[in-house]
Amino acid sequence: MYHNTKLTGMVVYPNDPEYQQARMNWNPFTNAFPIVFVFAQKIEDVSNAVKWARENKVPIRMRSGRHALAKDFSQTNGGIVIDTSHMRNVTLDKKNGIAKVEAGIRVGQLVRMLAREGILAPFGDSSTVGIGGISTGGGITAIQRTAGLISDNILAVTLVDANGEVLQVNACENSDLFWAIRGGGGGNFGIITSYTFKVRTAPSKVGIFEIIWPWNQLNEVIDAWQRWAPCVDVRLGTILEAFSKANGLLHSQGIFLGPAAELEKLILPLTNTGSPIKVFVDEVTLLEAIDFWAPNEPLFDTQNTTWSSTWVKSSLPEDGIAAIRTFLERASGSESNFFFLNSGGVMNQIPPQETAFFWRNTRYYMEWDASWTDKCETQKSIKLVEQARLQLKPYITGSYVNVPDLNIKDYGQEYYGDNFERLRKVKERYDPENVFNFVQSIPPAHICDEKDIDD
Ligand SMILES: Cc1cc2nc3c(=O)[nH]c(=O)nc-3n(C[C@H](O)[C@H](O)[C@H](O)COP(=O)(O)OP(=O)(O)OC[C@H]3O[C@@H](n4cnc5c(N)ncnc54)[C@H](O)[C@@H]3O)c2cc1C
């Protein structure tokens, strides 16, 4: 099919001095030993890498921001990693509210650059997450209730497919793939080299708040937050983080696309809960709000982490909150936590079948993780996360593909709900030989069931 394609771009082999740095992901638990990294400088480098991998029968992983949360997603032993992180150009068409963004840029760099131009774009809670991975899996953010998910703002992508060919993907060209890449998750259909996003004019000021409680008020704080946050004014995006008992803090914060005076009234149900040890409300510029929400942080974490994620459609009963408490009492790592983000507004108004992102109509998103440094804590941490999922099972729905859990066996249903079968058909059309195949990838339609992929 191909003949002696050469790798181009910045190529790093195991004996090169750059190799150890190249194999570092944010979560050290996901680091592997690939046989080569290609840091693409331009789209041809990506095409050549795909062709080379197929000629040499080497498994492919694609990577941008290195924030994959589970093993085998963006690195695999013996594979090639095609990394777009050196491709970071941004072109802004302010008049039409359109930004064309290369996939290697990180969320923080992009949203700060746009904010300086008076432009608002969705941003998550970490500056160093890559646009390449977050956008195609959905992209949940503080402003999703007014702007939708990051994937809801994709107008087009350029992608290198399983044959190394460059495809333009938008509502008119390859429209089935356009549907699939808006929520279908990274790594499945091809290497996205650039996204075109719809963006908005930024408000001149926004409200922010932060509240901290002592850990022992956990039950009442979770209950108050979960009853209030999904129904509050859609201009308010808010999270709640309940850290391990060893850490000892409960923390909520939010961004309000409106004045602080109004925000102060909106958060009364929270400030009136328990006895907060800190309540902070302010009115700031968008740039300051981004620094508050997604401060600059190190590219790599020192702790290993293992995760699970889900959506909640009705408030958790006492038993559900008790399961959270048990997890946080047992999880010893200081970073272990339960994290909640309110849904609603635009995010829930888009029909579940309109894009591949299925989990609409929810009250909030919830994820939890256990962290550890000592190797002998690995199995205990994985078990703890799974036990919590089992205990919460009666009250939760689905899971978020960007925060994957390798213990979920029916991952197709859990990540994509009723959209899974359609995603498999799109996969069949664009990658029938299942070249882009990893631990929880979407199988082409002709493969009988997910178990066949495992075998
Ligand atoms: C600290 C932290 C904070 C987070 N905060 C948020 C948040 O606020 N909101 C949210 O929605 N998610 C959040 N996430 C989850 C995040 O969306 C996923 O981890 C995402 O997949 C990371 O993308 P990446 O490019 O950084 O990672 P990578 O490790 O580079 O890739 C992750 C996945 O995307 C695929 N991928 C990467 N680049 C491309 C590409 N160019 N084309 C196609 N596929 C590609 C990879 O193959 C892999 O499957 C967070 C993660 C971390 C670690």
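FYI, it's all coordinate maths here, none of it is from the lab. What you see is a predicted model; the values in this text were computed from it and never measured. Virtual Cβ from ideal backbone geometry, glycine too; neighbours counted across all protein chains shown.
Rounded to the nearest 10 degrees, what's the angle between the helix 420-430 long axis and the longest principal axis of the chain, both from Cα atoms, 0 to 90?
Around 30 degrees separate the two axes.
Rounded to two decimals, what is Rg over Rh for the range 206-395 when you use alpha-carbon atoms and the Kirkwood radius? Mind showing how you got there, number by number?
On the way: Rg = 16.9 Å, Rh = 17.5 Å.
So for the range 206-395, dividing Rg by the Kirkwood Rh gives 0.97.
Applying 1/(1 + (r/R0)^6) with R0 = 22 Å to the Cβ-Cβ distance of Lys94 and Asp176, what FRET efficiency is obtained, to the nearest 0.05?
0.10
On full extension of the chain, what length is gained from Asp291 through Ile35, given 0.36 nm per residue of separation minus the C-alpha to C-alpha distance?
88.4 nm
Over the range 206-395, calculate the relative contact order: mean separation of alpha carbon pairs under 8 Å at least 6 apart, over the residue count, as a percent.
Relative contact order comes out at 28 percent.
Would you mind counting up the charge near Thr201? Only other residues with Cβ under 14 Å from its Cβ, with Lys and Arg at +1 and Asp and Glu at -1.
Combined, the nearby Lys, Arg, Asp and Glu give +4.
Output the peptides 56-66, 417-427 sorted from most to least packed, where packing is the average of other Cβ atoms within 10 Å over each peptide's residues. Don't jump to the answer; show the numbers that get you there.
On the way: 56-66: 21.6, 417-427: 19.0.
Top of the packing list down: 56-66, 417-427.
Treat every Asp and Glu Cβ in the chain as -1 and every Lys and Arg Cβ as +1, leave all other atoms uncharged, and give the resulting dipole magnitude about the Cα centre to the nearest 20 debye.
With only Lys, Arg, Asp and Glu charged at Cβ, the dipole is about 460 debye.
For helix 43-55, report the angle its Cα long axis makes with the longest principal axis of the Cα atoms of the chain; keep it between 0 and 90° and round to the nearest 10°.
For helix 43-55, the angle is close to 70 degrees.
Considering only Val90, Met347, Asn27, whose Cα is most displaced toward the positive end of the charge dipole of the chain, charges sitting on Cβ of Lys, Arg (+1) and Asp, Glu (-1)?
Positive-most Cα among the choices belongs to Val90.
For the range 170-309, state what percent of all Cα-Cα pairs lands in each successive 5 Å bin, counting from 0 Å until the bin that includes the largest distance.
2, 8, 14, 15, 14, 14, 14, 10, 6, 3, 1, 0
Sequence-distant or interchain residues sharing an amide H contact under 5 Å with Thr362, placed H: which?
When sequence neighbours closer than 5 places are left aside, the close amide H contacts are Gly344.
Would you mind putting 396-406, 12-22 in packing order, based on average other-beta-carbon counts within 10 Å, highest first?
Answer by packing, highest mean first, reads 396-406, 12-22.
List the residues, sorted by chain then number, that are 5 or more residues from Met62 or on another chain and whose placed amide H is less than 5 Å from its amide H.
Amide H to amide H, under 5 Å and 5 or more residues apart or across chains, Met62 pairs with Ile82.
Straight-line reach from Lys42: which lysines have a Cα under 17 Å away, not including same-chain ones fewer than 8 places off?
List returned: Lys6, Lys51, Lys100.
So how much slack lies between Val279 and Asp16, counting 0.36 nm per residue of separation and subtracting their Cα-Cα distance, in nm?
89.6 nm
Which value, in debye to the nearest 20, gives the size of the charge dipole of the range 275-424 about its Cα centre, when Lys and Arg are +1 and Asp and Glu are -1 at the Cβ?
On the way: 14 positive and 21 negative charges, 122 e Å.
With only Lys, Arg, Asp and Glu charged at Cβ, the dipole is about 580 debye.
For the chain, what is the convex hull volume of the alpha-carbon atoms per residue, in Å³?
That works out to 134 Å³ per residue.
For a test of the definition: using alpha carbon positions, the gyration tensor, and the 1.5 limit on a/c, classify the range 118-196 as rounded, prolate or oblate.
prolate
How would you rank Trp179, Trp213, going from fewest to most other Cβ atoms within 10 Å of each one's own Cβ?
Lowest to highest Cβ neighbour count: Trp179, Trp213.
Using Cβ counts within 10 Å as a stand-in for footprinting exposure, how do Cys231, Cys376 rank, fewest first?
Cys376, Cys231
Rounded to the nearest 500, what is the 222 nm mean residue ellipticity of the chain from helices alone, with -39500 (n - 2.57) per DSSP H run of 4+ residues and division by all residues?
That comes out to -7500 deg cm²/dmol.
Where in the range 142-180 is the amide nitrogen less than 11 Å from a point lying 7 Å along the Cα-to-Cβ axis of Glu262?
none
As a footprinting exposure proxy, order Leu263, Leu249, Leu390 by other Cβ within 10 Å, with the fewest listed first.
So the residues, fewest neighbours to most, are Leu390, Leu249, Leu263.
Give the distance, in whole Å, between the Cα centre of the range 90-132 and the Cα centre of the range 326-361.
23
What net charge is computed for the residues neighbouring Ala261, neighbours being all others with C-beta under 12 Å from the C-beta of Ala261, Lys and Arg scored +1, Asp and Glu -1?
-2
Lys393: which lysines have alpha carbons under 30 Å from its alpha carbon, excluding same-chain residues fewer than 8 sequence positions away?
Lys71, Lys245, Lys313, Lys375, Lys380, Lys383, Lys409, Lys425, Lys427, Lys451
Starting from the eigenvalues of the Cα gyration tensor, five times each then square-rooted, give me the equivalent ellipsoid semi-axes of the range 10-83, largest first, whole Å.
18, 13, 12
Just the C-alpha atoms of the range 354-432: what Rg/Rh do they give, with Rh taken as the Kirkwood radius?
Expressed as Rg/Rh, it is 1.05.
If N is the number of residues in the range 57-204, what value comes out of its Cα radius of gyration divided by 2.2 N^0.38 Å?
The value comes to 1.01.
Could you pull out every one of the lysines with an alpha carbon less than 20 Å from that of Lys94, ignoring same-chain neighbours closer than 8 positions?
Correct list for Lys94: Lys198, Lys205.
Can you give me the relative contact order of the chain as a percent, contacts being Cα pairs under 8 Å and 6 or more apart?
16
Under a point spin-label approximation (7 Å from Cα along Cα-to-Cβ), what is the Lys375-Lys6 distance to one decimal in nm?
Distance between label points: 4.1 nm.
Among rounded, prolate and oblate, which fits the range 307-455 when a ≥ b ≥ c are the square roots of the eigenvalues of its C-alpha gyration tensor, a/c under 1.5 means rounded, and a/b larger than b/c means prolate?
oblate
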